[in-house]
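Step one of this worksheet: look at the structure below.
Only the coordinates and a few stated rules stand behind these numbers; no lab work does. Not measured: the values here are computed from a predicted model. No Cβ is skipped: glycine too gets one built from the backbone with ideal geometry, and neighbour counts run over all protein chains shown.
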Amino acid sequence: MSNRTRRDFLRASALTTGGLLLPHGFTTPRTMADDTQSPNERPRVGCIGLGGMGQGDARAISRYGDILAVCDVDQKRVQAARENPKIGKGKAETYEDYRKLLDRNDIDLVTISTPDHWHTRIAIAALRAGKDVYCQKPLTLTIDEGKQLRKVVEETRRVLQVGTQQRSENENRFLKAVAMVRDGRIGKVKRVTCGIGSTPKGKKFVKSTPPAELNWEMWLGQTPMVDYIKERCHYEFRWWYEYSGGKMTDWGAHHVDIAQWALGCEETGPSLIEVLSAEHPVPLKDGMPTVDDEYNVASEFLVRCAFPSDVEVLIRSDTENGVEFEGDKGKFFVSRSKLVGEPVDELEKNPIPESALIALRKGKRLDSHMGNFIECARDRSTPVSDVASHHRILTTCHLANIALRLGRPLKWDPVAEQILDDPQANGWLSRPQRKGYETSV
């Protein structure tokens with residue numbers, strides 16, 4: 001099928017099958033997986049980053065499209081993905097440099113499942129190369145990166161879905177929770193508590209020579225050139241401020257997202273961020289770790305964020321993983337395994353209508369998160385987890401980390417997107433980037 005024909009199909013203004021109106025007696029809604037069985041209906045995909053989440057994203061998108069190329073700076077991972085019968089199927093081309101994959105005109109969509117510090121640079125390049133993007137959360141390493149991505153999405157008019165799958169999955173528990181709050185089921189909201197768990201403290205790690213299959217210099221990307229430590233790389237990169245933000249941007253990207261979505265704060269943010277308690281595994285000086293061979297993100301924390309209408313959002317490490325909503329008429333708790341509380345019990349008598357859930361999904365069917373991405377790539381609409389709303393919730397997480405690192409409260413102007421009366425903290429909206437790996441628009 002020609003590139004033009006396939007792209008025209010993907011840009012179709014509406015789906016011709018699988019709509020929300022079902023024939024009488026047909027009780028199983030069609031999904032995008034049902035609608036992409038014909039070879040002519042399947043977009044062509046490149047997968048960048050093939051660790052645990054990367055392989056999961058690749059398997060997920062393989063239900064809807066054909067994976068032509070896989071890319072990772074770890075050759076063991078890229079070869080394993082190529083030979084995986086559900087990913088590369090022994091046929092996909094392999095790349096170490098994502099730019100070569102993006103140069104291909106026969107790639108329609110890409111998944112980006114690299115470590116966090118690479119997300120923005122690769123996503124911007126992919127959008128400008130005319131690709132639609134499914135990018136893992138957290139989408140950015142800094143607040144300024146979020147502004148950059150928001151601008152590029154607006155300019156290129158490409159589709160970008162962020163991998164905050166709680167907006168789509170887990171039996172729609174989170175979607176129901178958001179609808180309950182917006183429908184006034186607990187009255188005026190007073191407090192939301194996001195339990196995101198503590199971070200491992202680690203120990204002194206050994207510096208060594210990078211394994212032959214890993215391009216360590218490229219893995220580091222925009223971050224400082226440092227000696228290889230196995231625990232800096234792959235899954236454990238999350239516990240180093242150089243590459244991520246610990247639990248604050250890992251689980252915070254999920255639960256703070258649900259909190260702000262329910263509060264209707266997708267286009268604004270907190271006015272004040274206060275650190276009520278914090279513990280780091282290593283000493284910090286002016287917010288920077290003073291040792292380079294141990295995990296350094298906050299291990300224990302309690303942060304209070306003041307939102308409009310006198311609502312406070314607490315982000316804490318010492319409570320059950322999930323989100324608790326408290327209002328003047330009741331409270332309930334939601335996690336990936338349960339939705340409980342008296343207002344939930346009342347749903348049996350007064351359920352949330354499915355139309356309310358679909359409205360939260362911008363009119364799209366109740367499908368998987370990847371299915372929502374494919375549907376929006378096809379009809380050129382905005383996905384359920386779009387760059388603008390994700391930038392706003394991740395701003396809250398980034399601000400919380402800045403406050404944790406500097407050890408003081410921050411006043412935030414959500415309109416100007418600036419920290420007030422604190423030039424040092426305001427300088428943390430971005431960070432220095434190593435020459436050759438800068439991200440700019």
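When the listed pairs K131/K230; K176/K331; K147/K204; K176/K411; K204/K247 are checked against a 25 Å cut-off, the alpha-carbon distance exceeds it for K131/K230; K147/K204; K176/K411. Give the shape of the range 364-419 as rounded, prolate or oblate, defined through the alpha-carbon gyration tensor: a ≥ b ≥ c are the square roots of its eigenvalues, a/c under 1.5 means rounded, and otherwise the shape is prolate if a/b is larger than b/c and oblate if not. Prolate shape, in that a/c is at least 1.5 and a/b is the bigger ratio. Springs join every pair of Cα atoms under 10 Å in this Gaussian network model of the chain, and among T249, T140, T94 the largest mean-square fluctuation is at T94. Site pair K411 and R431 shows an inter-label distance of 2.7 nm when each label is modelled 7 Å from Cα along Cα→Cβ. Note on the range 343-441: semi-axes of the ellipsoid equivalent to its C-alpha gyration tensor, largest first and rounded to whole Å, are 36, 22, 11.
With 0.36 nm allotted per residue and the present C-alpha distance subtracted, the A212-T290 stretch has 25.1 nm of extension available. Highest-first packing order for the peptide set 404-411, 120-127, 210-217 is 120-127, 404-411, 210-217, based on the mean count of other beta carbon atoms within 10 Å.
The spacing between the range 330-361 and the range 381-441, judged by their C-alpha centroids, is 32 Å. As a rough footprinting exposure proxy, the listed residues I402, I393 were ranked by other beta carbons within 10 Å of their own, and the order from fewest upward is I402, I393.
With a ≥ b ≥ c the root eigenvalues of the C-alpha gyration tensor of the chain, is it rounded (a/c under 1.5), prolate (a/b larger than b/c) or oblate? Cα axes put the chain in the oblate bin. Couplings 3J(HN,Hα) for the range 231-248, derived from phi with the Karplus relation 6.51 cos²θ - 1.76 cosθ + 1.60 (θ = phi - 60°), are 7, 7, 9, 6, 4, 7, 4, 4, 9, 10, 4, 4, 10, 7, x, x, 5, 4 Hz, where x marks Gly and Pro. In order along the range 78-86, phi translates into HN-Hα couplings of 5, 5, 4, 5, 4, 8, 5, x, 9 Hz, rounded to whole numbers, per the Karplus curve 6.51 cos²θ - 1.76 cosθ + 1.60 with θ = phi - 60° and x for Gly and Pro. Here r is the Cβ-Cβ distance between D106 and R59 and R0 is 30 Å; the resulting FRET efficiency, rounded to 0.05, is 0.90. Each of the peptides 251-261, 221-231, 270-280 was scored by the mean count of other Cβ atoms within 10 Å over its residues; in descending order, highest first, they stand as 251-261, 270-280, 221-231. Reducing the range 164-185 and the range 63-102 to their Cα centroids gives an inter-centroid distance of 34 Å.
The phi torsions of the range 389-397, fed into the Karplus equation with coefficients 6.51, -1.76 and 1.60 and a -60° offset, translate into couplings of 5, 5, 4, 5, 6, 6, 4, 4, 5 Hz, rounded to whole numbers, with Gly and Pro shown as x. What FRET efficiency comes out for the pair D97/D379, r = Cβ-Cβ distance, R0 = 30 Å, nearest 0.05? According to the calculation, E is roughly 0.40. Within the same chain, aspartates and glutamates fewer than 8 places from K76 are excluded, and of the rest, those with a Cα less than 17 Å from its Cα are E93, E96, D97, E213, E217.
The protection proxy used here, the mean number of other Cβ atoms lying within 10 Å of each residue, ranks peptides 74-85, 160-171 as follows, highest first: 160-171, 74-85.
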